[in-house]
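Values quoted throughout were computed directly from the atomic coordinates according to the rules given, and no laboratory measurement underlies them. Nothing here was measured: the structure is a model prediction, and the numbers come from that model. All Cβ positions, glycine included, derive from the backbone under ideal geometry; neighbour counts span all protein chains shown.
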Amino acid sequence: MTVLCSGSIAYDYLMTFPGHFKDHILQERLETISLSFLVDSMNRQRGGTAPNIAYSMALLGDKPQVIGTVGEDFESYRAWLESKGVDTTYIKVIEGDYTASFFVNTDQSNAQIASFYSGAMSYAKDLSIAAVKPKPDFVIISPDDPGAMSRSVQECKDLGIDYLYDPSQQIVRVDPADLIAGVDGAHSLFVNEYECELLLKHTGLSEEQIMNQVQIWVVTCGNNGSKIRTKDAEYHIPVVKPEQILDPTGVGDAFRAGFVRGYRLGLDLQTCGQMGALAATYCLEQKGTQSHDYTTEMFVTRYRKHFDDEGKLDILL
Ligand SMILES: Nc1ncnc2c1ncn2[C@@H]1O[C@H](COP(=O)(O)OP(=O)(O)OP(=O)(O)O)[C@@H](O)[C@H]1O
Ligand SMILES: [Mg+2]
């Protein structure tokens with residue numbers, strides 16, 4: 001019984017700008033916008049939505065698999081994931097290309113400006129979930145090459161596998177018909193507040209229509225927590241206050257990992273959401289998307305400082 005994480009696999013180049021982007025955007029000059037930000041620091045980190053989610057799931061004791069395509073520069077990243085308990089068997093190297101690269105600049109108010117180069121990721125559409133043996137029992141479809149996302153949706157439907165649809169950053173690039181197909185029949189749908197509005201706009205679907213098509217719909221709202229909806233219930237999940245915020249990148253991925261881990265353990269949705277919130281907070285407290293580290297014991301102890309789990313999380317220990 002495995003979770004297969006599909007999504008981008010990338011290196012993140014994280015930069016910090018010691019000011020506010022908004023102070024340099026001239027409304028009256030938008031036609032000829034030309035900005036260059038001198039940054040204070042730059043780090044290359046391991047990233048990409050699929051390994052980010054898989055990494056936090058592995059910290060929580062799962063053994064997820066990742067599927068995707070990478071460049072020749074991936075070997076040290078593979079060794080790292082394997083050492084953390086992530087199965088990389090289905091990560092394929094594309095000779096002569098680079099692993100996808102995400103360049104993100106974060107300012108003092110945590111506003112971000114980013115660019116993403118696909119590189120080897122553009123071959124992900126040629127992979128196949130049908131080739132994964134044994135057949136996974138749950139697939140996470142997170143932002144990836146748009147062709148790969150549509151192919152994964154179709155394959156999950158054909159193979160009868162439940163999938164979590166997480167179109168996030170790719171909402172603007174995925175064809176509306178493919179977005180509609182992705183939502184229709186998804187086991188669960190995850191977006192942040194902004195992406196939720198975009199999704200409604202691009203698909204033309206109403207909230208009610210979406211709720212009739214998926215079992216679980218989660219909207220994360222940054223420091224306002226998150227909202228989990230099913231046909232008969234709605235839960236508001238508060239945040240776990242971070243000790244410090246070093247970098248917001250990857251917080252959504254960590255949230256998904258915590259949620260899915262709880263869900264796979266058969267825990268109730270409130271608990272799954274709260275596990276997501278705590279997993280997200282751990283990520284916020286470090287620079288990078290896979291720099292946080294904890295044991296399941298540490299996670300449960302911290303969880304119990306904020307939420308009463310009535311012993312349910314003993315299952316993690
Ligand atoms: N400032 C914060 N303090 C505490 N928790 C936070 C904060 N920001 C985010 N979180 C947690 O992370 C979850 C996901 O955050 P958010 O809605 O910002 O995701 P996102 O926009 O998809 O992030 P990204 O795409 O940058 O990874 C929230 O529901 C919340 O639990
Ligand atoms: Mg996100």
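Would you mind working out the magnitude of the charge dipole of the chain relative to its Cα centre, with +1 at each Lys and Arg C-beta and -1 at each Asp and Glu C-beta, to the nearest 20 Debye?
380
Short version: what are the Cα gyration tensor semi-axes of the range 1-160, square root of 5 times each eigenvalue, largest first, in whole Å?
Values for the range 1-160, descending: 33, 17, 15 Å.
List 41, 152, 6 from most exposed to least, where exposure is judged by having the fewest other Cβ atoms within 10 Å.
Listing 41, 152, 6 from fewest to most nearby Cβ atoms yields 41, 152, 6.
What span do the alpha-carbon atoms of the chain cover on each of the three principal axes, reported in whole Å from largest to smallest?
Its Cα atoms span 53, 44, 44 Å along the three principal axes.
What is the gain in length, in nm to one decimal, between residue 305 and residue 223 on full extension, counting 0.36 nm per residue of separation less the C-alpha to C-alpha distance?
In short, 27.7 nm is gained.
Just the Kirkwood number for the range 1-89, please: inverse of mean 1/r across all distinct Cα pairs, in Å, one decimal.
Every distinct Cα pair counted, the radius reaches 15.5 Å.
Would you mind pulling out the separation of the Cα centroids of the range 1-50 and the range 63-79, in Å?
Answer, in whole Å: 22.
Neighbouring Cβ atoms within 10 Å as the yardstick, rank 217, 80 fewest first.
Fewest-to-most Cβ neighbours within 10 Å comes out as 80, 217.
In whole Å, how far is the Cα centre of the range 263-317 from that of the range 193-212?
29
Anyone know which of 284, 127, 205 comes out most mobile in the 10 Å Cα GNM of the chain?
205
Could you list which residues have their amide H under 5 Å from that of residue 226, counting only those 5 or more apart in sequence or on another chain, with H placed in the peptide plane?
HN-HN under 5 Å from residue 226: 221, 237.
Over the range 1-41, what portion of Cα pair distances is larger than 16 Å, expressed as a whole percent?
61
Based on the Cβ-Cβ distance of residue 315 and residue 1, what FRET efficiency does E = 1/(1 + (r/R0)^6) give at R0 = 22 Å, to the nearest 0.05?
So the FRET efficiency works out to roughly 0.90.
Please give the length that would be gained between residue 212 and residue 245 if that part of the chain were fully extended, namely 0.36 nm times their separation in residues minus their C-alpha to C-alpha distance (nm, one decimal).
The span from residue 212 to residue 245 would gain 8.2 nm if fully extended.
Report, in debye and to the nearest 20, how large the dipole of the range 170-317 comes out about its Cα centre when Lys and Arg carry +1 and Asp and Glu carry -1 on their Cβ.
So the magnitude is around 200 debye.
Where does the chain land at 222 nm, in deg cm²/dmol rounded to the nearest 500, when only DSSP H runs of n ≥ 4 count, each adding -39500 (n - 2.57), divided by all residues?
Computed mean residue ellipticity for the chain: -10000 deg cm²/dmol.
Which links in 133/201; 22/92; 63/287; 157/201; 84/305 stretch past 31 Å when you go from one Cα to the other?
Pairs exceeding 31 Å: 133/201; 22/92.
When Lys and Arg each count +1 and Asp and Glu each count -1, what net charge do the other residues less than 10 Å away from residue 48, Cβ to Cβ, add up to?
In short, -2.
Relative to the present Cα-Cα distance, how much length would full extension add between residue 137 and residue 197 at 0.36 nm per residue of separation?
18.6 nm
Just the ratio, please: alpha-carbon radius of gyration of the range 150-198 over 2.2 N^0.38 Å, N its number of residues.
1.09
Between residue 37 and residue 268, take the C-beta separation as r, use R0 = 45 Å, and let me know the FRET efficiency to the nearest 0.05.
After rounding, the FRET efficiency stands at 0.50.
Counting pairwise Cα distances across the range 148-259, what percent come out greater than 17 angstrom?
54
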